[in-house]
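The values are calculated or read from the model by the stated rules, or taken from the named source; none is laboratory data. Keep in mind that this is a model prediction, so the values were computed, not measured. Positions of Cβ are backbone-derived with ideal geometry, glycine not excepted, and every protein chain shown enters the neighbour counts. Ligands, DNA and RNA are stripped out before the accessible areas are found, and what is left, the full protein with its side chains, is counted by its heavy atoms. Shrake-Rupley method; radii C 1.70, N 1.55, O 1.52, S 1.80 Å.
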Amino acid sequence: MYLEFEQMPEYARVWVYQADRKFTAEEKTWISSRLEAFCAQWNTHGSMMPTSFEIFFDQVIVLSVDESRLGASGCSIDSSVRTLKEIEDRFGVNLLDQGKVSYQVGIDNLAVTSAFQIKSHIQEGMLTSETLILNPLVKTKEDLGKQWLIKAKESWLNKYFSN
């Protein structure tokens, strides 16, 4: 059962998927349509769950499920991953690789890099201890407002900065 993202409760579970580039307007329209159709039928063991999605920064997909009545099963989560894989294949983007670090560049832009390259971004001054990074480990919709964009020094990246 698809709901608008704003209608999802604060305790709804979320999953964050970062694309390695921005989606074009046409891609975003197709992705939104595909994800809305997916959410409309997303179920666990045959029971519909209140679900939603949002696309942030034109490149970060956040899926959301209200698990208050019924938790998302492994099979239902697998079905969401298949849908994301379909988006990856169609548009040649990388969504499912969790080894990415995204940080804010300007107000509405993200730089996305491999975790293996993050040290060079810091050494080159592209990322500082005050830079806002995307915390992909948020668990709830409420976390998106409180813990999603955090200063690099408040994350695992702190080890790269002089204290």
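Is there a residue in the stretch 41-56 that is at pLDDT below 95, of a type outside the set (Ser, Thr, Tyr) and part of a helix (DSSP H, G or I)?
yes
Sort out which residues of the stretch 92-103 are under 15 Å from Gln59 (Cβ atoms) and either under 12 Å from the mean Cα position of the chain (by Cα) or open to solvent by 40 Å² or more (accessible area, probe 1.4 Å) (or both), and write them in order of number. Spell out how you get there, then give the answer.
Initial filter on the stretch 92-103 (under 15 Å from Gln59 (Cβ atoms)): 92-97, 100-103.
Hits for the stretch 92-103 are Gly92, Asn94, Leu95, Leu96, Asp97, Lys100, Val101, Ser102.
For residues in the stretch 116-131 being part of a loop (DSSP other than H, G, I, E, B) and within 17 Å of Asp20 (Cβ to Cβ), which is farthest from the chain's Cα centre (by Cα)? Give the steps one after another, and end with the answer.
Narrowing the stretch 116-131 to residues part of a loop (DSSP other than H, G, I, E, B): 124-131.
From the residues that got through so far, the ones that are within 17 Å of Asp20 (Cβ to Cβ) too are 126-127.
Details: Met126: 22, Leu127: 20 Å.
Here the answer is Met126.
Identify, from the list Leu157, Leu144, the residue that is more than 28 Å from Lys28 (Cα to Cα), part of a helix (DSSP H, G or I) and touching a residue at least 12 places away in the same chain (Cβ under 8 Å).
Details: Leu144 fails: more than 28 Å from Lys28 (Cα to Cα).
Going through Leu157, Leu144 in turn, just one is more than 28 Å from Lys28 (Cα to Cα), part of a helix (DSSP H, G or I) and touching a residue at least 12 places away in the same chain (Cβ under 8 Å): Leu157.
Return yes when Ile118 is free of Cβ contacts under 8 Å to residues at least 60 places away in the same chain and open to solvent by 20 Å² or more (accessible area, probe 1.4 Å) and no when it is not.
Working: free of Cβ contacts under 8 Å to residues at least 60 places away in the same chain: yes; open to solvent by 20 Å² or more (accessible area, probe 1.4 Å): no.
No: the conditions fail for Ile118.
Here is a list: Glu36, Glu124, Glu142. Which entry is farther than 30 Å from Asn158 by Cα, among the acidic types (Asp, Glu) and either open to solvent by 50 Å² or more (accessible area, probe 1.4 Å) or at pLDDT 95 or above (or both)?
Working: Glu124 fails: farther than 30 Å from Asn158 by Cα; Glu142 fails: farther than 30 Å from Asn158 by Cα.
Unique residue meeting the criteria: Glu36.
Of the residues that make up the stretch 104-115, is at least one surrounded by fewer than 18 Cβ atoms within 10 Å (Cβ to Cβ), free of Cβ contacts under 8 Å to residues at least 60 places away in the same chain and in a helix (DSSP H, G or I)?
So far as the stretch 104-115 goes, yes, one or more of its residues are surrounded by fewer than 18 Cβ atoms within 10 Å (Cβ to Cβ), free of Cβ contacts under 8 Å to residues at least 60 places away in the same chain and in a helix (DSSP H, G or I).
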